[in-house]
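Below: one structure, written as structure tokens.
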Amino acid sequence: MTITARQIAADVLHRSRAHDGFAAELIDSALGAANLAPQDRRFVTQLVFGVTRRAGTLDAILKPFIQLPLHAVQPRVWDLLRLGAFQLTFLTHVPKHAAVNETVELAPYVGAMKAKGFVNSIMRRVSELVTDEFTDKPGADAVGFAWEPLPPTPSPKKGGGEKQNTEAQNRASSAESPSLLRGGVGEGLTFGRYRRLTRAILPNPITDPAGYFAAAFSFPPWLANRWLERYGPDECTRLGFWFNAPPPLWVRVNKLHASRESYRIQLAGQTIDAEPGEHPQSLRFPEHHPIRELPGYAEGDFAVQDHSSMLVASALGVQPGMHVLDACAAPGGKTTHLMELMDNRGRVTAGDIDPKRLETVTALGQRLRIKGVETVVLDEKGDLPPGPFDAALVDVPCSNMGVLGRRPEVRWRLKPNEFEHLIRLQTRLLILASERVKPGGAVVYSTCSIEPDENEGVVKAVCRGMRSMSLEAEHHSVPGCPSDGGYWARLRKA
């Protein structure tokens with residue numbers, strides 16, 4: 001029997017809810033075993049990531065129509081209700097009747113034949129709730145839908161003595177209005193669209209901004225309160241639109257094989273458009289493409305890596321011939337970047353506690369034709385190799401709060417009490433790496449988080465406790481300006 005895209009999506013959501021793995025890995029595994037047309041493969045990805053990102057909004061839409069106690073609804077039936085509600089609310093290319101009927105027909109597939117009438121009733125109510133009207137204003141009858149580009153406006157000419165915008169200025173300019181949002185490279189300003197509902201079922205954004213943000217943009221209440229207190233409603237709105245959109249595809253051109261411009265020409269030869277980013281090796285694709293089908297994949301001409309991540313290895317300032325420690329190396333993007341920056345002349349000791357994940361470091365190095373990487377399995381305590389090293393990179397385990405669009409399940413799996421454990425681990429790893437660097441050497445500490453406690457908080461604590469280490473430079477990558485959120489700090493040993 002031929003399996004459909006919606007059936008695969010239902011199975012992946014079931015496995016993701018059981019914590020069998022992250023959505024991206026589960027999708028790859030499921031699609032690898034299925035024989036689907038390219039458009040159906042894209043549909044599976046769209047459904048799984050969309051439902052996972054927007055689960056909070058979907059539940060807010062569904063709950064008014066469910067008369068049963070919520071715990072009485074089978075988990076797999078909840079998956080179906082969310083799948084149907086997602087198509088009705090967020091996919092304009094799926095006809096409403098198809099979204100309703102196809103969702104109802106999934107009930108026997110997930111072993112819930114008796115739930116067909118229940119699913120049908122709920123889907124029809126949701127279909128009547130969601131209108132085809134859009135607005136640029138939030139409201140109790142409007143859910144955050146998507147952001148769209150505004151026409152480009154001329155940039156003011158900079159005078160010779162004009163200072164470059166600081167990160168704080170960038171952050172402020174991106175939050176001037178809830179409907180003016182900074183886009184990615186080449187997109188300029190964008191505006192947020194909200195989809196209208198026939199009645200107000202969401203919290204009022206004026207009287208309950210945290211409740212509205214949690215429901216309309218699909219975030220857990222604890223995180224909505226945390227961000228609202230720090231950023232205010234306008235910046236929270238911008239973050240909500242950014243993290244609910246499919247993240248852009250960035251690649252790092254392998255400087256050992258080609259220049260960025262020569263690779264762009266290679267792409268243009270196959271009518272593939274790519275835009276250069278701020279990092280000299282970065283390219284951003286306005287449209288998504290299957291990675292393995294891009295020219296030069298097998299030859300190692302590029303690695304998939306977000307723009308903010310490329311900044312981290314470059315911040316270490318490595319030179320050919322150095323011996324560098326990469327303390328938390330898997331899956332290998334920053335490890336291989338270090339060797340590219342050293343012109344393949346030097347050594348990187350790449351450590352990780354998971355031997356399976358270290359295999360990805362080796363595989364990526366082989367594809368990119370990287371030499372000089374030695375992988376080391378660390379013990380469960382995370383003790384690092386003794387060194388000494390000329391420099392060290394510590395890309396620590398973190399909350400992933402800067403990459404919620406790329407790792408959508410994190411917003412639901414992370415609990416607020418986990419930060420304390422993470423900060424202890426991050427502090428310990430930075431101290432261990434600092435102890436193993438030669439005097440005069442640099443240590444770069446990095447996260448893919450936007451939480452101050454995990455970022456500058458850890459760095460300040462270590463510098464206070466280790467008088468030999470001093471902060472030399474730091475950088476905050478703001479989500480959506482132009483890529484993932486994250487942080488790096490470079491410390492120097494006296």
Report task. Label the range 220-283 by shape, choosing from rounded, prolate and oblate, from the square roots a ≥ b ≥ c of the eigenvalues of the Cα gyration tensor; if a/c is under 1.5 it is rounded, and otherwise prolate applies when a/b is larger than b/c, oblate when it is not. Result -> prolate
Query raised in the report: Ile206 to Arg230: FRET efficiency via 1/(1 + (r/R0)^6), r the Cβ-Cβ distance, R0 25 Å, to the nearest 0.05?
Result: 0.80
Report task. For the range 305-493, just say rounded, prolate or oblate: build the C-alpha gyration tensor, square-root its eigenvalues into a ≥ b ≥ c, call rounded for a/c under 1.5, and beyond that prolate if a/b exceeds b/c, oblate if not. Result -> rounded
Query raised in the report: Which of the aspartates and glutamates could a cross-linker span from Lys116 if the Cα-Cα distance has to be under 17 Å and same-chain partners fewer than 8 positions apart are dropped?
Result: Asp79, Glu102, Glu105
Query raised in the report: Under Stokes-Einstein, with the Kirkwood radius over Cα pairs standing in for Rh, what whole-number D in µm²/s applies to the range 263-404 at 20 °C and 1.002 mPa s?
Result: 133
**Report entry** Residue order, fewest to most beta carbons within 10 Å, for Trp242, Trp227, Trp222, Trp78
**Finding:** Trp222, Trp78, Trp227, Trp242
Query raised in the report: Given the Cα-Cα distance of Lys137 and Lys371 and 0.36 nm per residue of separation, how much length would full extension add, in nm?
Result: 78.9 nm
Report summary line: Karplus ³J(HN,Hα) for the range 340-355 (6.51 cos²θ - 1.76 cosθ + 1.60, θ = phi - 60°; Hz, whole; x = Gly/Pro) runs 4, 5, 8, 6, 6, 10, x, 9, 10, 8, 9, x, 6, 7, 10, x
Query raised in the report: Scattering from the C-alpha atoms of the range 382-494 alone, worked out with Debye: what is log10 I(q)/I(0) at q = 0.12, 0.18 1/Å?
Result: -0.42, -0.87
Query raised in the report: Which of the lysines could a cross-linker bridge to Lys493, judged by Cα under 29 Å and excluding same-chain residues fewer than eight apart?
Result: Lys334, Lys371, Lys381, Lys438, Lys460
Query raised in the report: Cβ under 11 Å from Leu471's Cβ, Leu471 left aside: what net charge do those residues give with Lys, Arg +1 and Asp, Glu -1?
Result: +1
Query raised in the report: 222 nm [θ] for the chain, helices only, -39500 (n - 2.57) per DSSP H run of 4+, per residue, to 500?
Result: -12000 deg cm²/dmol
Query - Surface/4 estimate of mean projected area, convex hull on alpha-carbon atoms of the range 5-130, nm² - result: 7.3
Report task. Equivalent ellipsoid semi-axes for the chain, as square roots of 5 times the alpha carbon gyration tensor eigenvalues: give them largest first, rounded to whole Å. Result -> 40, 26, 24
Query raised in the report: Using just the C-alpha positions of the range 390-446 as equal point scatterers, what log10 of I(q)/I(0) does the Debye formula give at each q in 0.12, 0.30 1/Å?
Result: -0.37, -1.15
Report task. Using the Karplus curve 6.51 cos²θ - 1.76 cosθ + 1.60 with θ = phi - 60°, work out ³J(HN,Hα) for each residue of the range 53-66 in order, rounded to whole Hz, and write x for Gly and Pro. Result -> 4, 9, 4, x, 5, 4, 5, 5, 6, 7, 4, x, 9, 9
Report summary line: Rounded to the nearest Å, the spacing of the alpha-carbon centers of the range 428-454 and the range 277-311 is 27
Query raised in the report: Roughly how tilted is helix 116-129, in degrees to the nearest 10 and between 0 and 90, from the longest Cα axis of the chain?
Result: 80
Requested in this report: Starting from the amide H of Ser477, placed 1.01 Å from N in the peptide plane, find each other amide H under 5 Å away whose residue is 5 or more places distant or on another chain.
Outcome: Gly486, Tyr487, Trp488
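Laboratory data are not the source of any read-out in this text; all were calculated from the coordinates shown. Predicted, not measured: the structure shown is a model, and the values here were computed from it. Cβ atoms come from the backbone with ideal geometry, glycine included; neighbour counts cover every protein chain shown.
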